[in-house]
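One structure is given below, encoded as structure tokens.
The values are calculated or read from the model by the stated rules, or taken from the named source; none is laboratory data. All of these numbers come straight from a predicted model, not from anything done at the bench. Please note: Cβ atoms are built from the backbone with ideal geometry, for glycine as well, and neighbour counts cover all protein chains shown.
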């Protein structure tokens, strides 16, 4: 995920800069916007994976074998 973020960050920055040039009133893109997006997406993925891991670790394997 970190590798994908570092690949997508320059592409997203370039695309946003090109798109924003067409507007009369425009904002400047700051590096911290991309940092916040990267941190939030990493935290969402981390908590999702952690939840699924804990759920699988607490599950009783006998119950699953009984259902199969």
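Keeping to the range 14-35, report how many residues are touching a helix residue (DSSP H, G or I) at 6+ places or on another chain (Cβ under 7 Å) and either surrounded by 12 or more Cβ atoms within 10 Å (Cβ to Cβ) or in contact (Cβ under 8 Å) with a residue 40 or more places away in the chain (or both). Final tally of qualifying residues: 2. Anything in the range 1-30 that is closer than 21 Å to residue 44 by Cβ and in a loop (DSSP other than H, G, I, E, B)? List them, or say none. Hit for the range 1-30 is 1, nothing else.
Which residues, taken from the range 53-68, are at pLDDT 85 or above and either in contact with a strand residue (DSSP E or B) (Cβ under 8 Å, 6 or more places away or on another chain) or in a helix (DSSP H, G or I) (or both)?
Just the residues of the range 53-68 that are at pLDDT 85 or above, to begin with: 53-59.
Residues satisfying the conditions are 53, 54, 55, 56, 57, 58.
Every condition in (1) modelled with pLDDT of 85 or more; (2) part of a loop (DSSP other than H, G, I, E, B); (3) surrounded by 10 or more Cβ atoms within 10 Å (Cβ to Cβ) holds for residue 50 except the one numbered (2).
Within the range 41-53, residues that are without any contact (Cβ under 8 Å) to a residue 12 or more places away in the chain reach no partner that is part of a helix (DSSP H, G or I) and surrounded by 11 or more Cβ atoms within 10 Å (Cβ to Cβ) with beta carbons closer than 8 Å at six or more positions or on different chains.
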